[in-house]
Every structure is written in structure tokens, then in C-alpha cells.
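Note sheet for the following structure.
The values are calculated or read from the model by the stated rules, or taken from the named source; none is laboratory data. Owing to the predicted nature of the structure, the values given are computational and were not obtained by experimental measurement. Cβ placement follows ideal geometry from the backbone for every residue including glycine, while neighbour counts extend to all protein chains displayed. Heavy atoms of the whole protein, side chains included, go into the accessibility calculation; ligands, DNA and RNA do not. Shrake-Rupley method; radii C 1.70, N 1.55, O 1.52, S 1.80 Å.
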Amino acid sequence: MTPGLRPLIAGNWKMNTLVREAVDLAKAVVAGSGSVKAELLVCPPFPYVAGLAGMLAGSTVAVGAQDCHARDKGAHTGDVAATMLRDCGATHVILGHSERRADHGETDAMVKAKASAALAAGLVPIVCVGETLAQREAGQALEVVHGQIAGSLPEGFVAAGGVVAYEPVWAIGTGKTPTEEDIAAVHAAMRAQVGAATRLLYGGSMKPGNAAAILALPNVDGGLIGGAALVAADFLAIAKAAG
Ligand code: PGA
């Protein structure tokens, strides 16, 4: 945790839930959010953003999206603009998740352009970075993360409250996590790069059982939660571990 920064616990629902499940999950998160001090965010699939944002208006749980396009409108079939998401009530958008970098060939430059669009639309971008297993084994984790941050954060990111999430690719959905020392080392390097004001999340197999230890590390200001965010009780237990 970084003194002065309110922790953010963000749920990345990925491509999961049908409407009924999304509504029930969101309701359960709100119902259990009373004693949570951390900022709470849920990021459902695109079709549910507007509905959930309407439903959760007035609660302490914010709604975000999992991607946006770099342009405001135009001939981009199947894409969604940051302005549309903001108009639907979203407040945040996850960008550059490793699954998008892998599935859609997103580069740092593309992530930077999307983050710029998000800022212009009034959304808080949560930019994801992280090394692959091969890169970690080759001793390149710090260098990879440094390069992704340098290439993916647009001007104005820090001033607008942009968030960076460190998500080692090999820890996502695998049940494996880096050691606390390794997480602390990456987060210290990110802190040195982005300055004191930016929240730095950890993501990758964060669960109720390991959340307290990870969230207690210096420069870890919250979590980006995948699998455990699909179970309201687990997501809330992680949030409570943030203090
Ligand atoms: P996980 O996913 O918690 O299921 O590992 C995290 C993420 O991809 O954001």
C-alpha cells in the first residue's frame, strides 16, 4: 500500500456471465460492499456496461469496460469508443490486458492511443503490463515492464489519475503468483518510473488466501482480479483485505 492512495479493487469479468448472472453478481457485490474501504470497480463485458452502470448508480461500486477503440467514431465494425462507454455510465477502462495483446496483437503504441482516447472521454484508464514466463526466466521482467510503461502511457495519464496494473502473464488464471519479493521489486521499479501519485495494482491469481499479503506490500495499491471476481464473496474478501 502507498500512504495517501486509496486502494482500488477491480474485477475483470473477461468474457463471462450471461445477463442474469451479471446482474446477480453485481447486486451481490453491492450488497456486501458496506464495510469495504477500498474503491470498488466491476468490469463486465461490453453488452452489460450500460445496464449495470444504471443499476449501480448511487452505490459505491463503479462500472468499467475491458477495452475501447482509439477513435471516437467511424467505420470500425465491432469496436466500441471510449466516448460511448462514458456515455453509458462507465468510469474506467482496462487497456492492454495481456489477453488483448495476445489475442488481438495490441502493441504498446495501440494501448497508448486507446489510453489517450479514454482520457479524452473522461474515463480512467487501467493500463496492464507484465512479462511472460520466458521473459521472467531470462531475467527481463523489470526491463519488459519498464518498456511497456514507457510505451503505453500517454501524456496526461498521471495527472488524470490513470492506473497501472502489473500482471505477469504466467500468473493470470494459473493459480501461480510471483513471490512477494518479486512483486515488491517490480512495483518499486514501477513507482520509480511513474511517480508517487499513480495507483499500482497487482493482478494474476489474486485470491482471498493471498490477497492480504500481496496488498500489504509497499507500492501495491490494489488488485485487478479475474477468476475470483466472478464469485462475489471472494471478490469482497479480497476487497476487505485491502483495509
Ligand atoms: P486472474 O486474472 O485473477 O484470473 O488470474 C487476472 C486478470 O487477468 O486480470
Q: Using R₀ = 30 Å, calculate the FRET efficiency as 1/(1 + (r/R₀)^6) where r is the Cβ-Cβ separation of ALA57 and THR179; round to 0.05.
A: 0.15
Q. By the scheme Lys and Arg +1, Asp and Glu -1, what is the net charge of all other residues having a beta-carbon under 15 Å from that of ILE126?
A. +2
Q | Cα-based Rg of the range 116-223 normalised by 2.2 N^0.38 Å, two decimals | A | 1.03
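What do you get when you divide the Cα radius of gyration of the range 62-124 by 2.2 N^0.38 Å, with N the number of residues? Intermediate values should be presented prior to the final figure.
Working: Rg = 10.8 Å, N = 63, 2.2 N^0.38 = 10.6 Å.
Computed over Cα atoms of the range 62-124, the ratio equals 1.02.
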(Q) If I model a spin label as a point 7 Å beyond the Cα along the Cα-Cβ vector, how far apart are those points for VAL158 and GLN140 in nm? (A) 2.7 nm
Q: Rank these residues by their accessible area, most exposed first, probe 1.4 Å: MET206, MET1, MET15.
A: MET15, MET1, MET206
Q) Over the Cα atoms of the range 180-243, how large are the radius of gyration and the largest Cα-Cα distance (Dmax), in Å? A) 11.7, 35
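Would you rank TRP170, TRP13 by solvent-accessible area, highest first, keeping every protein chain in place and using a 1.4 Å probe?
Details: TRP170 45, TRP13 0 Å².
Reading off the accessible areas and sorting them downward yields TRP170, TRP13.
For the range 8-241, what is the charge dipole size about the Cα centre, in debye to the nearest 20, if Lys and Arg each add +1 at the Cβ and Asp and Glu each add -1 at the Cβ?
On the way: 17 positive and 21 negative charges, 94 e Å.
The dipole magnitude comes to about 460 debye.
For the chain, what is the relative contact order in percent, using Cα pairs closer than 8 Å and at least 6 residues apart in sequence?
Numbers: 511 pairs, mean separation 55.8, N = 243.
Once normalised by length, the contact order is 23 percent.
What does the net charge come to around PRO178 if you take all other residues with beta carbon closer than 13 Å to its beta carbon, with K and R at +1 and D and E at -1? Intermediate results must be reported in sequence, preceding the final value.
Details: positive: ARG136, LYS176; negative: GLU131, GLU137, GLU167, GLU180, GLU181, ASP182.
Net charge around PRO178: -4.
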Q | Per residue accessible area of the chain, 1.4 Å probe, in Å² | A | 42 Å²
Q) Three principal axis extents, largest first, for the C-alpha atoms of the chain, in Å? A) 44, 42, 32
Q. Which part of the range 41-55 falls in the paramagnetic zone of VAL19, meaning amide N under 13 Å from the point 7 Å along Cα-to-beta-carbon?
A. 47-52
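What is the sum of charges around LEU142, taking Lys and Arg as +1, Asp and Glu as -1, for the other residues whose C-beta is under 14 Å from the C-beta of LEU142? Show your work: numbers first, answer last.
Numbers: positive: ARG136, ARG191; negative: GLU131, GLU137, GLU143, GLU181, ASP182.
Spelling it out: positives minus negatives among the neighbours equals -3.
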